[in-house]
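The values are calculated or read from the model by the stated rules, or taken from the named source; none is laboratory data. The model shown is predicted, which means the values in this text are computed figures rather than measured ones. No Cβ is skipped: glycine too gets one built from the backbone with ideal geometry, and neighbour counts run over all protein chains shown. Side chains included, ligands, DNA and RNA excluded: accessible areas come from the protein's heavy atoms. Shrake-Rupley method; radii C 1.70, N 1.55, O 1.52, S 1.80 Å.
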Amino acid sequence: MSTNKQSFKVCFCFRRIFRLKVAEPPEDIKKMFDMYAENGTISLDDLHSFLIDFQGEGEATKEDAQAIFNSLKHLNIFQRKGLHLDAFFRYLFGDLNPPISSKVHHDMKAPLAHYFLYTGHNSYLTGNQLSSDSSVFPIIQALQRGVRVIELDLWPNSKKNGVEVRHGGTLTSSIDLIKCLRAIKDNAFTASEYPVVITFEDHLTSDLQAKVAKMVTETFGDMLYVPNSEFLMEFPSPEILKRKVLISTKPPEYHETQRSGATDKDSDEDDPEEDEENATLQYKQLIAIHAGKPKGGFDMWHIDPLKVRRLSLSEQQLERASRTRGTDIVKFTQRNLLRIYPKGTRLDSSNYDPMLGWSHGAQMVAFNMQGHGKHLHIMEGMFRANGGCGYVKKPDFLLTSGPDNEVFNPEKSYQVRQILKVKVYMGEGWHSDFHRTHFDLYSPPDFFVRVGIAGVPKDTIMLETKPIEDDWIPVWNEEFSFPLSVPELAVLRVDVKEYDNSGNHDFGGQTCLPISELRTGFRAVPLHSKRGVRYKSVKLLMKFEFESPE
């Protein structure tokens, strides 16, 4: 049934007329409706059964079914005695039927090292790594989107009497540290109440470090987590650290001046040295997570039974180390934190594949949050897990050793353990969220869907539907199967494109979803812009099923 018409001007005297369809339920949904309906309607009890039996929502209550009924009451298609087919379809294709849960449900009482943390790199930059402005706005935006680790590069200002944040050795502008700290304080817990870690890349003298200590203490007050001792034997849990801010940086080293044979005239030099030692101590006491980079002659993967620490590696250093020390890295990350950061040549703020870091247990895979693209979308997908709180519990195989002390080996190819079946039914919402000529001046769009897996190399694949010509509400009805060897680390990628003969297809929306959290059955999947902003109306109707391999 058509509701209105849409015309596109083809030449001066001719217009093409296209009818705008109303979305109709796919055959699979009609069949499902018939299975649960009596006399053409689904009752409250029937809907409750459907949620448990078909949608796999074992925890669903009658109240949940009632909430769905209540959400449809304003529609003409709703009847008090039950849901007609159209109302049932509207529910399935609506906001009350998302593909993943919005609640925090992982165990949050394990040590910090047992989680992946949503981590930013150079969090103050508005654009590229070479010449963009430094600002509090990217910091605020990152925190509001659930990022839990903010990185600030600390440098002396031009007068050497204050501290500023900038990307050293580049043309990026600077911003006062105090503005960044205040922005973090004001926005730290708007998206999540779990702890925020501030990593300092520190290029300061000891007197400026003392100023930072004072600034941090005064800005955060009781929000600041200050450890009881210089070294922690184990990191506290996200639960214990709720609404706390932690500082992570390399502890300063105080070198006592050689004073052998000193005379009385040297005694006036003692005071500045004592001040310097006190300043260093003040700064050091604030550091909750001691950090460092690998040094020659020292085994970077050494595990100290008496203290935990954070190690930082570039993406290339991780690639090199993973070739020969993969299982050692996994063992290290069972107790210690590992931060991976983008290589210096990524001047355009692009990002790398996060899977290598995650599969080795790296908790802080640091990303340029302004570097929109495939890899950031995968990062966003991983951290949609666990209610989007910025902390995702690592799978057990990355946390424990086997009977012979063997650990997960990311370089090994594992057997297929699960098969994910994905059916892409249809999409809608572009007509509301985009101008009618956005995709094509002369006709409605020709959408197709790319769907696949980002995961360990064996699991990674992208497939696609055929394009549907000239339709704002495309119906594909295509099913795909994805064998998964490490489903715990896999992310489902969904990309909608508008077909172009040149091969340069237009962007029509995207999302990434953690496979470990996918809800089975029919699901309404909202799509996002390239920048990760959710569209108001654009979504796909999909179905998810898991099967065991034969």
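Is the range 413-547 rounded, prolate or oblate when judged by the Cα gyration tensor, a ≥ b ≥ c being the square roots of its eigenvalues, rounded requiring a/c under 1.5 and prolate requiring a/b larger than b/c?
Prolate, because a/c is 1.5 or more and a/b exceeds b/c.
Excluding Gly146 itself, calculate the net charge of residues whose Cβ lies under 10 Å from the Cβ of Gly146, where each Lys or Arg counts +1 and each Asp or Glu counts -1.
Around Gly146, the charge tally is +2.
What is the Cα centroid distance between the range 521-548 and the range 160-201, reported in whole angstrom?
34
At 1.4 Å probe size, put Ser537, Ser516 in order of accessible surface, largest to smallest.
On the way: Ser537 35, Ser516 80 Å².
Highest to lowest solvent-accessible surface, that is Ser516, Ser537.
Pop out the ³J(HN,Hα) list for the range 357-372 in order, Karplus 6.51 cos²θ - 1.76 cosθ + 1.60 with θ = phi - 60°, rounded to Hz; leave Gly and Pro as x.
Once rounded to whole Hz, the list reads x, 4, 6, 9, x, 5, 7, 10, 8, 7, 10, 6, 6, 8, x, 5.
Counting only residues 5 or more places away or on other chains, whose amide H sits under 5 Å from the amide H of Gln363 once H atoms are built in the peptide plane?
Distant-sequence amide H within range of Gln363: Leu338.
How much length, in nm to one decimal, is gained on full extension between Phe137 and Gln55, taken as 0.36 nm per residue of separation minus their Cα-Cα distance? Intermediate values should be presented prior to the final figure.
Numbers: separation 82, 0.36 × 82 = 29.52 nm, distance 4.06 nm.
Gain on stretching Phe137 to Gln55: 25.5 nm.
Could you give me the ³J(HN,Hα) list for the range 22-30, computed from phi with Karplus coefficients 6.51, -1.76, 1.60 and θ = phi - 60°, whole Hz, x at Gly and Pro?
Each residue's phi maps through the Karplus curve to give 9, 4, 10, x, x, 4, 4, 6, 4 Hz.
Straight-line reach from Lys295: which lysines have a Cα under 26 Å away, not including same-chain ones fewer than 8 places off?
Excluding near neighbours in sequence, the set is Lys250, Lys284, Lys307, Lys331, Lys343.
Please give the FRET efficiency for Thr324 paired with Lys466, using the beta carbon to beta carbon distance and R0 = 56 Å, rounded to the nearest 0.05. Walk me through the intermediate numbers first.
Working: r = 45 Å, r/R0 = 0.80.
Efficiency at R0 = 56 Å is approximately 0.80.
Between beta-carbons, use under 11 Å as the cut-off and find the net charge around Val197, counting Lys and Arg +1, Asp and Glu -1.
+3
Test of understanding: what is the full-extension gain from Lys412 to Thr170, defined as 0.36 nm times their sequence separation minus their Cα-Cα distance?
Here the segment from Lys412 to Thr170 would lengthen by 83.1 nm.
Select from Ala366, Ala213, Ile329 the residue farthest towards the positive end of the dipole of the chain; place +1 on Cβ of Lys and Arg, -1 on Cβ of Asp and Glu, and compute about the Cα centre.
Comparing the listed Cα positions along the dipole, Ala366 ranks first.
How much length would be gained if the chain were fully extended between Ile240 and Lys214, taking 0.36 nm per residue of separation minus their Cα-Cα distance, in nm to one decimal? Display every interim value, and only then the final one.
On the way: separation 26, 0.36 × 26 = 9.36 nm, distance 2.46 nm.
So the extension gain works out to 6.9 nm.
Return the sequence-ordered ³J(HN,Hα) values of the range 533-545 in whole Hz as given by the Karplus equation 6.51 cos²θ - 1.76 cosθ + 1.60 applied to θ = phi - 60°, using x for Gly and Pro.
Listing the rounded values in order: 8, 5, 5, 5, 10, 5, 7, 10, 9, 9, 10, 10, 9 Hz.
Tell me the Kirkwood radius of the chain: reciprocal of the mean inverse pair distance over distinct alpha-carbon atoms, in Å.
26.2
Taking H as built 1.01 Å from N, whose amide H comes closer than 5 Å to the amide H of Asp153, not counting residues under 5 places away?
The list, which skips near neighbours in sequence, is Arg166, Glu201.
Could you sort Lys62, Lys421, Lys81, Lys394 by accessible area so the largest value comes first, with the probe set to 1.4 Å?
Output order, biggest surface exposure first: Lys81, Lys62, Lys421, Lys394.
In the chain, what percentage of the DSSP-assigned beta bridges are antiparallel, given to the nearest 5?
The antiparallel proportion sits near 75 percent.
At 222 nm, what value in deg cm²/dmol follows for the chain if DSSP H runs of at least 4 each add -39500 (n - 2.57) and the sum is divided by all its residues, to the nearest 500? Don't jump to the answer; show the numbers that get you there.
Numbers: 12 runs with 128 residues, N = 550.
Result for the chain, helices only: -7000 deg cm²/dmol.
Report the calculated FRET efficiency for Glu547 and Gln285 (r = Cβ-Cβ distance, R0 = 56 Å), to the nearest 0.05. Show your work: numbers first, answer last.
Values: r = 55 Å, r/R0 = 0.97.
It comes out at approximately 0.55.
Write down the accessible area per residue of the chain in Å², having rolled a 1.4 Å probe over the full set of protein chains.
Dividing the accessible area of the chain by its residue count gives 47 Å².
Need one number: nm distance between label points at Asp64 and Ser314, each 7 Å from Cα along Cα→Cβ, rounded to one decimal.
Taking the simple label geometry, Asp64 and Ser314 are separated by 4.9 nm.
If you average the alpha carbon positions of the range 208-234 and of the range 496-514, how far apart do those two centres end up, in angstrom?
Here the answer is 47 Å between Cα centres.
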